[in-house]
Amino acid sequence: MWLSFALASALLLAVRRIYEKKLTDSFGNFSLSFVTLAFSLPFLAIAYLFVATDASNIPRTAAFWVPLVIIWVFIYPVQNYFLYRSLREGEFSEVIPISALLPVFNVVTSLLVIGESPTPQGAVGIALTVCATWLLLGGEGRRRFNMPVLFMIISVLCTAIGATLDKVAIEASAPLIYSLVNIGGGVVVFAILTFAVRSEHELVRVRDHLGTLLFMGALLAFGFVIFSTAFALGPTSYTLAIRSGGFLAAALWGIIALNEPASPRKLLALALFSLGTLALALG
């Protein structure tokens with residue numbers, strides 16, 4: 001069951017990243033985070049109203065709230081700042097495959113926090129993924145270092161840490177409850193950051209992208225609940241490996257739709273990422 005949810009989450013995440021790439025031209029890092037989360041919140045709230053029961057009340061335990069506070073205050077701001085910088089400044093087909101590092105980073109945090117350890121197949125997947133990252137991190141031509149790829153590595157590292165915290169909080173509640181509270185707190189955090197960096201003027205552009213933002217809101221809400229459900233049912237690192245597999249479709253979109261160059265180095269890195277993700281998933 002968790003495998004089906006993880007595969008669906010991978011597809012939805014790939015579509016979401018494509019639209020986020022487009023919106024980085026109109027919004028800053030924090031304002032884009034704010035509007036995408038804000039547009040997803042009504043969909044989550046409606047879903048919660050339909051399924052709410054006495055058993056679906058918001059928990060009051062530390063296992064639920066402590067991970068959330070860490071995510072809101074520390075993880076979300078850094079993660080999204082570097083995510084949108086990477087999407088804006090880099091080639092889509094170069095930075096998106098770095099998502100395959102997510103289960104690699106999460107192997108360490110999952111081992112330390114919840115005691116999940118990788119299998120031999122997982123170790124092979126880690127080695128292949130690290131090799132692929134090295135290929136993309138090195139610049140081509142006159143570039144000596146690919147900064148957008150580095151930005152995505154930082155974002156994915158934050159996501160991996162946050163994913164382990166997600167696991168703890170979800171196990172103390174339920175996927176839909178966690179999704180609603182997580183997104184709700186994220187809206188507040190990014191609203192504050194948007195005004196703190198004086199980018200609130202960018203919010204007037206919402207009306208120019210209203211249809212896209214409504215679609216993304218539904219996509220994010222639906223995808224978050226599906227991912228949280230997969231996370232609650234399956235092993236942390238391998239659920240993330242399946243979900244990260246959506247990078248391949250998004251990377252191909254960058255090459256085909258955006259006419260980004262398909263250099264031998266990039267194609268080799270994509271192949272290694274794919275094999276590494278497969279090994280992690282099979283593990």
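Looking across the stretch 39-52, just one residue is surrounded by 16 or more Cβ atoms within 10 Å (Cβ to Cβ) and more than 22 Å from the chain's Cα centre (by Cα), and that is Tyr48. Of all residues in the stretch 235-266, those that are farther than 15 Å from Phe92 by Cβ and either of a type in the set (A, V, I, L, M, F, W, C) or assigned to a loop (DSSP other than H, G, I, E, B) (or both) total 5. Among the residues making up the stretch 53-92, a single one is among the polar types (S, T, N, Q), in a helix (DSSP H, G or I) and more than 16 Å from the chain's Cα centre (by Cα): Ser56.
Among the conditions (1) in contact (Cβ under 8 Å) with a residue 24 or more places away in the chain; (2) out of contact with any Phe, Trp or Tyr (no Cβ under 8 Å at 6 or more places or on another chain); (3) over 21 Å from Leu157 (Cβ atoms); (4) not basic (Lys, Arg), the only one that Gly254 does not satisfy is (2).
Taking the stated definitions as given, is Phe215 out of contact with any strand residue (DSSP E or B) (no Cβ under 9 Å at 6 or more places or on another chain) and under 23 Å from Ile18 (Cα atoms)? Considered against the rule, which asks whether it is out of contact with any strand residue (DSSP E or B) (no Cβ under 9 Å at 6 or more places or on another chain) and under 23 Å from Ile18 (Cα atoms), Phe215 comes out as yes.
In this structure, Ala169 does not satisfy being closer than 25 Å to Leu44 by Cα, crowded, with 23+ Cβ neighbours inside 10 Å, at pLDDT below 90 and in contact with a helix residue (DSSP H, G or I) (Cβ under 8 Å, 6 or more places away or on another chain).
The values are calculated or read from the model by the stated rules, or taken from the named source; none is laboratory data. Note that the structure is predicted; figures quoted are calculated from it, not measured. Note that we place each Cβ from the backbone using ideal geometry, even for glycine, and neighbour counts take in every protein chain shown.
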